Amino acid sequence: MKSHAQVVVIGGGVVGCSVLYHLARSGWKDVVLLERDELTSGSTWHAAGGMHTINGDPNVAKLQKYTIELYKEIEELSGQATGVHVTGGVLLAATEARMDWLRGVVAKGRYLGLDLEEISAEEAHRLMPLIDPRQFVGAVRNSEDGHLDPSGVTHAYAKAARKLGAEVERFTKVEEIVRQPDGKWRVVTNKGEVIAEHVVNAGGLWAREVGRMVGLELPVLAMEHMYLITEDMPEVAEWNARTGTEVIHAVDFDGELYLRQERGGMLMGTYEKAAKPWSEFQTPWNFGHELLEPDIDRIAPSLEVGFRHFPAFERTGIKQIINGPFTFAPDGNPLVGPVRGLPGFWVACGVMAGFSQGGGVGLALSNWMIHGDPGFDIWAMDVARYGEWASMAYTNAKVRENYSRRFSIRFPNEELPAARPLKTTPIYDLLAERGAQFGVAYGLEVPLWYAPEGVRDEFSWRRSTDFEHVAKEVQAVREGVGLTETSSFAKYRVVGQGAEAWLDRLLACRLPKPGRMTLTPMLKEDGKLIGDFTLARMGSGNPGSGKDQWLILGSGVAEQFHMRWFEKHLPDDGSVAIEALGLRRVGLSIAGPKARDLLAKVTRADMSNAAFPFMAIRAIDIGMSPCLVGRVSYTGDLGYEIWMAPEYQRSVFHTLMQAGEEFGVRLFGSRALNALRLEKNYGSWAREYRPIYGPLEAGLDRFVAYGKEADFIGKAGALQERETGGKLRLRAFVLDADDADVIGDEAIWHDGQVRGWVTSGGYAHASKLSVALGYVPKEIADAADGFEIELLGKRHRARIQPTPLFDANLERLRG
Ligand SMILES: Cc1cc2nc3c(=O)[nH]c(=O)nc-3n(C[C@H](O)[C@H](O)[C@H](O)COP(=O)(O)OP(=O)(O)OC[C@H]3O[C@@H](n4cnc5c(N)ncnc54)[C@H](O)[C@@H]3O)c2cc1C
């Protein structure tokens with residue numbers, strides 16, 4: 001075994017082998033994979049070998065498509081058969097709600113280039129003979145699904161990697177990983193040591209244990225999973241003989257089953273409700289090529305449905321039941337990327353569908369390691385979407401929930417109950433008493449809307465029970481004053497002598513003067529977005545103020561993601577310090593035409609427009625509580641964001657609510673906030689603003705100080721984008737919807753062709769219009785007509801809304 005390597009990949013399952021292959025293919029040859037046993041000795045060897053393109057996140061779906069297309073390449077290069085059979089498949093719906101969901105999948109598939117088509121249950125039966133069509137209301141046909149030989153694929157990756165110069169060391173167990181003073185990693189194995197610049201944890205079933213070697217507790221958990229293989233079936237033999245083709249794949253969402261042909265019989269797997277974790281705290285090192293004891297009782301309810309939906313199964317014996325463990329992250333998507341605070345330590349784990357996702361994971365990770373950027377929008381797989389709040393017990397509850405709901409519908413207004421409440425703010429119970437219906441953002445309970453006694457969300461794809469109540473919250477803001485909690489924002493304090501120069505290089509904006517705020521994009525080296533923030537510079541009147549004190553406000557769900565970026569770019573001379581304040585600062589916001597009157601009533605500070613204009617920020621006492629107040633509001637209205645230490649939040653809340661009575665103050669939640677910001681065409685991080693868009697494309701170019709002296713990160717890329725005009729444009733659309741609004745990822749049609757996608761939207765209650773934000777090619781971005789947006793299988797006429805529906809001339813905002 002070599003003593004030094006640029007990269008050590010730990011784990012010879014399908015994921016580690018794919019990472020190794022992609023590194024070698026991109027030119028990093030000094031790479032070695034360490035596997036404690038034979039290759040495939042974790043979950044890989046007993047996988048059912050199914051591959052699918054669809055995924056709830058379109059960007060993950062794209063990488064799944066890439067994975068499936070890759071198999072030909074590795075088979076040719078390695079000479080190793082992968083056993084890939086692209087049979088195509090049907091996705092079956094037994095209910096109308098499921099069919100609505102599938103229509104959304106078809107719509108997404110259009111701009112992802114997936115070949116999906118809505119068909120009737122009878123047509124599905126003609127394609128897949130084992131179905132009882134009476135059990136289904138419809139289906140979707142796809143041509144890309146299929147199956148493969150798990151061991152063949154893994155060995156093909158490894159052989160292809162070796163051909164390109166990579167090395168594979170089997171029976172080499174990593175026992176310790178130590179960071180050296182020079183920043184390199186000392187990887188200690190049972191066969192000696194390797195010094196490496198980079199380490200990739202692709203430990204699969206042991207990813208947690210490998211993480212613990214560097215003090216990392218990864219949010220992954222293995223679940224038991226069963227599939228059965230039947231005896232030969234006459235129906236299968238007859239179909240094979242008659243058509244000369246295999247029986248195609250089927251996913252029966254309502255039965256929670258997947259099926260495919262296996263030799264002369266069928267393979268049927270299930271994600272049963274009675275989900276069972278495996279090795280909850282520690283994966284035994286002596287586990288290898290064993291299977292777990294099958295438990296047919298656990299999957300019996302699913303099988304019963306299966307026998308009804310696919311009657312031939314009832315007449316056939318079961319030859320074998322396979323039960324094996326594989327790992328999941330709390331939301332079921334992989335954990336990929338660099339780990340904050342551990343430079344050179346990367347993860348590629350929690351991959352629950354290694355044969356659909358392994359190629360994409362390898363490609364994104366190798367890009368990231370080699371070029372500093374994954375090259376794709378991989379937010380849905382980024383390890384940084386979790387913070388330390390994703391504890392082992394949280395993960396356990398969420399993974400069980402996710403497993404048992406793997407094929408369940410999640411409605412757009414449905415909040416999942418497991419592992420809640422975890423993080424709460426001091427006014428949580430006060431809001432709950434007033435009817436708050438909570439959702440979760442980055443582990444924190446956030447109020448979505450306020451329900452009258454006895455009213456709750458009815459889960460639906462269409463407008464639901466909250467609609468009229470959210471409308472009233474919106475009306476209160478636009479006509480009087482509303483109060484909402486903003487604690488879920490990320491807040492970062494930046495201090496130090498070098499802060500000004502550092503921020504000038506880090507952020508694309510012109511830095512604000514003391515006591516002022518500005519909106520700012522943050523760019524990557526290639527000039528695309530990596531963040532959008534409000535940057536505040538503390539004024540001279542503030543405690544702890546001065547030119548070295550700054551506050552950055554941003555998207556709460558991206559706190560870990562952005563801290564990883566900030567820390568990577570910190571100077572190493574100690575002249576700048578940044579910390580995420582988390583819930584050590586909590587927030588309330590008031591907005592609406594009477595917001596100023598309300599605030600003036602609870603403070604002695606001068607709230608007049610002249611003394612406290614738009615984008616001003618200062619320390620102000622509200623009642624008795626010291627707060628930091630900024631004049632800005634995501635509602636697009638006259639409004640204030642108020643930040644305080646948590647011990648003051650109840651007091652500030654009561655003060656504002658009591659003083660607000662005279663102005664008819666009303667609580668509003670994030671659904672109303674969404675309706676309000678849509679009227680202003682305001683986008684947000686992880687929806688409109690993502691690392692695949694440039695500032696011009698995203699309409700944030702007006703906040704980029706192209707001419708500023710500082711050579712800010714991404715300047716050259718941003719200038720180039722301005723010169724070429726980029727490719728896309730973010731646009732707001734008003735659509736003729738009937739009883740449902742977009743949620744995101746719907747297809748945008750123009751002149752009969754799919755040309756773009758929706759990033760978010762909803763009903764703008766004050767304007768009484770259905771609004772969608774989304775990207776289209778710049779060539780059609782100013783077209784007067786011809787747009788349609790596909791919603792639940794139907795195309796609705798849409799027109800571009802070039803100016804905000806509300807307060808286009810900024811009188812309310814600045815007045
Ligand atoms: C019953 C069943 C059916 C499945 N069906 C499908 C399917 O149809 N389609 C699909 O896409 N997926 C399926 N899966 C899931 C699939 O198996 C996993 O997604 C995939 O195997 C994950 O691969 P991995 O490389 O991440 O992990 P693993 O396969 O667990 O590999 C990790 C490797 O790392 C090695 N390792 C760990 N720690 C160390 C160390 N310290 N030193 C050296 N080596 C180490 C292990 O020995 C192991 O070989 C199924 C899983 C099961 C259990």
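The values are calculated or read from the model by the stated rules, or taken from the named source; none is laboratory data. Values in this document were obtained by computation on a predicted structure and should not be read as measured data. Virtual Cβ from ideal backbone geometry, glycine too; neighbours counted across all protein chains shown. Remember, those area values only see protein heavy atoms, side chains included, never the ligands or the DNA or RNA. Shrake-Rupley method; radii C 1.70, N 1.55, O 1.52, S 1.80 Å.
Looking at (1) in contact with a Ser or Thr (Cβ under 7 Å, 6 or more places away or on another chain); (2) open to solvent by 10 Å² or more (accessible area, probe 1.4 Å); (3) touching a residue at least 24 places away in the same chain (Cβ under 8 Å), which one does residue 640 not meet, given that it meets all the others?
Status for residue 640: all satisfied but (2).
Go through (1) within 25 Å of residue 211 (Cα to Cα); (2) within 15 Å of the ligand (Cβ to nearest atom); (3) among the charged types (D, E, K, R) for residue 65 and report which single condition fails.
Unmet for residue 65, out of (1) within 25 Å of residue 211 (Cα to Cα); (2) within 15 Å of the ligand (Cβ to nearest atom); (3) among the charged types (D, E, K, R): (1).
Which of the following residues is near the ligand (Cβ under 9 Å from one of its atoms), open to solvent by 10 Å² or more (accessible area, probe 1.4 Å) and not β-branched (Val, Ile, Thr): 85, 4, 52?
Every option except 52 fails the conditions.
Quick one: residue 424 ticks every box in (1) open to solvent by 30 Å² or more (accessible area, probe 1.4 Å); (2) under 30 Å from residue 357 (Cβ atoms); (3) hydroxyl-bearing (Ser, Thr, Tyr) except a single one, so which number is it?
The single condition residue 424 does not satisfy is (2).
Hey, residue 170 hits all of (1) without any contact (Cβ under 8 Å) to a residue 24 or more places away in the chain; (2) open to solvent by 60 Å² or more (accessible area, probe 1.4 Å) but one; which does it fall short on?
(1)
Where in region 249-340 are there strands (runs of 3 or more DSSP E), lying wholly inside it, with at least 1 residues that are away from the ligand (no atom under 11 Å from the Cβ), within 31 Å of the chain's Cα centre (by Cα) and surrounded by 17 or more Cβ atoms within 10 Å (Cβ to Cβ)?
249-252, 257-262, 265-270, 335-338
Within the set of pairs 6+ apart or on separate chains, which have a first residue in region 767-778 that is free of Cβ contacts under 8 Å to residues at least 12 places away in the same chain, a second that is surrounded by fewer than 18 Cβ atoms within 10 Å (Cβ to Cβ), and C-beta atoms under 9 Å apart?
768/471
Return only the number of the condition from (1) under 34 Å from the mean Cα position of the chain (by Cα); (2) farther than 30 Å from residue 390 by Cα; (3) within 16 Å of the ligand (Cβ to nearest atom) that residue 202 does not satisfy.
That leaves (2) as the condition not met.
Evaluate the following for residue 48: is it touching a residue at least 40 places away in the same chain (Cβ under 8 Å) and either assigned to a loop (DSSP other than H, G, I, E, B) or under 16 Å from residue 356 (Cβ atoms) (or both)?
So residue 48 fits the description; yes.
Being crowded, with 24+ Cβ neighbours inside 10 Å and assigned to a loop (DSSP other than H, G, I, E, B) is the filter here; which residues of region 18-39 pass it?
Answer for region 18-39, where residues must be crowded, with 24+ Cβ neighbours inside 10 Å and assigned to a loop (DSSP other than H, G, I, E, B): just 35.
Within region 175-183, is even one residue modelled with pLDDT of 95 or more, farther than 24 Å from residue 36 by Cβ, open to solvent by 60 Å² or more (accessible area, probe 1.4 Å) and more than 14 Å from the ligand (Cβ to nearest atom)?
yes
Among the candidates 107, 160, 124, single out the residue that is open to solvent by less than 10 Å² (accessible area, probe 1.4 Å) and farther than 28 Å from residue 377 by Cα.
Among 107, 160, 124, only 124 is open to solvent by less than 10 Å² (accessible area, probe 1.4 Å) and farther than 28 Å from residue 377 by Cα.
Name, by its number, the condition in (1) on the phi > 0 side of the Ramachandran plot; (2) open to solvent by 20 Å² or more (accessible area, probe 1.4 Å) that does not hold for residue 601.
(1)
Yes/no per residue for (1) among the hydrophobic types (A, V, I, L, M, F, W, C); (2) under 21 Å from residue 666 (Cβ atoms):
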residue: 394; (1), (2): no, no
residue: 400; (1), (2): no, no
residue: 410; (1), (2): no, no
residue: 416; (1), (2): yes, no
residue: 422; (1), (2): yes, no
residue: 428; (1), (2): no, yes
residue: 434; (1), (2): no, yes
residue: 441; (1), (2): yes, no
residue: 455; (1), (2): yes, yes
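For region 7-42, which positions are within 12 Å of the ligand (Cβ to nearest atom) and polar (S, T, N, Q)?
Of everything in region 7-42, those that are within 12 Å of the ligand (Cβ to nearest atom) and polar (S, T, N, Q) turn out to be 18, 40, 41.
From the residues in region 232-248 that are among the aliphatic types (A, V, I, L, M) and open to solvent by 20 Å² or more (accessible area, probe 1.4 Å), which one is nearest to the ligand (Cβ to nearest atom)?
So the residue we want is 248.
Got a sec? Which of 532, 457, 526 is of a type in the set (Asp, Glu), modelled with pLDDT of 95 or more, open to solvent by 20 Å² or more (accessible area, probe 1.4 Å) and part of a strand (DSSP E or B)?
Only one candidate passes the filter, namely 532.
Only residues that are part of a loop (DSSP other than H, G, I, E, B) and not basic (Lys, Arg): list them for region 566-585, please.
Taking region 566-585 as the starting set, the residues that turn out to be part of a loop (DSSP other than H, G, I, E, B) are 570-576, 581, 585.
Listed by number, the residues that qualify are 570, 571, 572, 573, 574, 575, 576, 581.
Before we move on, is residue 442 touching a helix residue (DSSP H, G or I) at 6+ places or on another chain (Cβ under 8 Å) and crowded, with 22+ Cβ neighbours inside 10 Å?
So residue 442 does not fit the description; no.
Of the numbered conditions (1) over 20 Å from residue 563 (Cα atoms); (2) charged (D, E, K, R); (3) at pLDDT 95 or above; (4) not in a helix (DSSP H, G or I), residue 406 fails exactly one; give the number of that condition.
Of (1) over 20 Å from residue 563 (Cα atoms); (2) charged (D, E, K, R); (3) at pLDDT 95 or above; (4) not in a helix (DSSP H, G or I), only one is false for residue 406: (3).
Of all the strands (runs of 3 or more DSSP E) wholly in region 139-238, which have at least 3 residues that are among the hydrophobic types (A, V, I, L, M, F, W, C)?
Correct list: 174-179, 185-189, 192-201, 221-230.
Tell me which residues, restricted to region 754-804, are farther than 13 Å from residue 741 by Cβ, of a type in the set (Ser, Thr, Tyr) and under 25 Å from the mean Cα position of the chain (by Cα).
Within region 754-804, 759, 775 qualify.
Name the pairs: first residue in region 565-590 and over 16 Å from residue 427 (Cβ atoms), second residue open to solvent by 60 Å² or more (accessible area, probe 1.4 Å), Cβ to Cβ under 6 Å, at least 6 apart or on different chains?
575/497; 579/493; 581/493
Pull out all pairs, ordered by first then second residue, where Cβ-Cβ is under 7 Å, the residues are six or more apart or on different chains, the first lies in region 197-213 and is more than 13 Å from residue 33 (Cβ to Cβ), and the second is hydroxyl-bearing (Ser, Thr, Tyr) and within 10 Å of the ligand (Cβ to nearest atom).
The qualifying pairs are 205/43; 205/283; 205/327; 206/283; 207/327; 208/283; 209/283.
In region 495-511, how many residues are crowded, with 24+ Cβ neighbours inside 10 Å and in a strand (DSSP E or B)?
Result for region 495-511: 1.
Which numbered condition trips up residue 45, out of (1) within 16 Å of the ligand (Cβ to nearest atom); (2) under 24 Å from residue 255 (Cβ atoms); (3) open to solvent by 30 Å² or more (accessible area, probe 1.4 Å)?
That leaves (2) as the condition not met.
Quickly run through region 696-726 and pick out the residues that are open to solvent by 30 Å² or more (accessible area, probe 1.4 Å) and touching a Phe, Trp or Tyr at 6+ places or on another chain (Cβ under 9 Å).
Within region 696-726, 715, 719, 722 meet the criteria.
Tell me which of these residue 377 doesn't satisfy, since it passes every other one: (1) crowded, with 19+ Cβ neighbours inside 10 Å; (2) away from the ligand (no atom under 14 Å from the Cβ); (3) at pLDDT 95 or above.
The failed condition is (3).
Search region 211-231 for residues being more than 11 Å from the ligand (Cβ to nearest atom) and acidic (Asp, Glu), and hand back the single one that is farthest from residue 340 (Cα to Cα).
If we take residues in region 211-231 being more than 11 Å from the ligand (Cβ to nearest atom) and acidic (Asp, Glu), then 231 is farthest from residue 340 (Cα to Cα).
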